[in-house]
Amino acid sequence: MKPVYMINGFLESGKTEFICFTLAQRYFQVKGKTLLLLCEEGEKEYDPELLKNSRTEIELIEREEDFSPSNLTSLEKRHRPERIIIEYNGMWNCRDIKLPWYWTIEQQITIIDGSTFPMYYTNMRSLLAEMIRRSEMIIFNRCDTVREQLNSYRRNIKAVNTSADVIFEDAKGEIDEIFEEDLPYDLNQPVISLDNQGYGIWYLDSMDHLERYVGKTIRFVAMVLKTESLPKGYFVPGRMAMTCCAEDMAFLGYACAYEKADTLKQKEWVKVTATVAKEYWPDYKGEGPVLHAVSVEKTKAPKEEIISF
């Protein structure tokens with residue numbers, strides 16, 4: 001198998017800078033050659049000395065039709081590298097990527113210019129979503145002037161890929177603490193009531209800041225989801241969310257313990273009041289949010305059944 005490292009991002013997002021930084025690190029100074037496939041040329045060029053020292057050879061692929069298994073195999077046989085880095089063209093849909101059968105993507109990273117993220121998120125959301133969905137890590141650089149927006153940026157990413165690591169950087173390096181208490185609900189209320197916007201933010205925020213909610217009581221309107229894999233006395237109350245476009249929907253909900261769960265009907269609407277706990281759950285492969293119902297009341301469907309980010 002041939003290990004492949006895929007670097008996504010739109011033109012001038014900082015992909016080249018990231019790859020140059022990686023090639024210069026000691027941990028990347030391993031035996032054998034590296035083949036770097038460039039699918040677009042930005043303003044920044046690769047330093048010949050860096051390429052020589054890192055034993056990296058470059059091949060330019062300018063047309064999307066040339067990014068084919070047969071051509072990629074030909075290039076790999078020509079250079080016989082130990083590993084391959086792909087600087088992918090941001091205007092080519094990641095969904096259409098086809099690699100030689102023996103190439104294995106070891107890591108996929110999306111690089112985003114924080115100062116231009118809103119423009120791409122608004123106008124090229126489908127392309128961006130495909131990058132994010134397939135990446136284990138999302139790196140926002142150039143965040144110096146958009147610090148107040150980083151909370152919403154992070155929620156936008158997590159809505160598409162809940163498991164991705166999201167990193168923010170400014171001119172000084174990685175930003176460690178950026179998540180201010182700007183939540184649209186009061187954590188100090190006896191019962192935290194979640195509207196449409198609040199539910200989506202609570203769902204995403206509780207993944208990474210569960211300590212904020214453990215022991216708290218929340219109330220929200222949700223659809224009932226019941227599956228065969230759920231143990232007796234549990235159901236999943238949640239909401240359908242549009243994470244990218246109308247064709248890209250996801251059900252957002254956590255397991256909820258309720259002694260009368262077997263009386264609930266699939267897809268009926270309920271108003272749930274529950275306490276939040278941190279417990280082991282198989283789907284999490286560890287500990288995560290688990291709700292314990294205080295009350296579950298039948299109710300009407302909300303005016304807007306689908307929430308969006």
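Quick note: the coordinates plus some simple rules give every number you see, no bench work behind them. Remember, it's a predicted structure, so these values are computed and weren't measured experimentally. No Cβ is skipped: glycine too gets one built from the backbone with ideal geometry, and neighbour counts run over all protein chains shown.
Can you give me the angle between helix 196-208 and the longest principal axis of the chain, using Cα atoms only, in degrees from 0 to 90, rounded to the nearest 10?
Between the helix axis and the principal axis of the chain, the angle is about 60 degrees.
From the mean inverse distance of alpha carbon pairs (Kirkwood) and the Cα radius of gyration, derive Rg over Rh for region 231-309.
Rg/Rh for region 231-309 comes to 0.98.
How far is helix 15-24 tilted, in degrees, relative to the longest principal axis of the Cα atoms in the chain, given as a value from 0 to 90 rounded to the nearest 10?
Relative to the chain, helix 15-24 is tipped by roughly 70 degrees.
Can you work out D for the chain in µm² s⁻¹ from Stokes-Einstein, where Rh is the Kirkwood radius over C-alpha pairs, the temperature is 25 °C and the viscosity is 0.890 mPa s?
Translational D for this selection: 113 µm²/s.
Write out the trypsin sites (Lys or Arg not before Pro) in region 7-104 meeting two conditions: DSSP loop, and at most 11 other Cβ atoms within 10 Å of their Cβ.
Counting only loop positions with at most 11 other Cβ atoms within 10 Å, the trypsin sites (Lys or Arg not before Pro) in region 7-104 are K31, R63, K98.
What share of all Cα pairs of region 26-106, in percent, falls into each consecutive 5 Å distance bin?
3, 13, 25, 26, 18, 12, 3, 0
What do you get for the angle between helix 69-79 and the principal long axis of the chain? Use alpha-carbon atoms, 0 to 90 degrees, nearest ten.
Rounded to the nearest ten degrees, it is 50.
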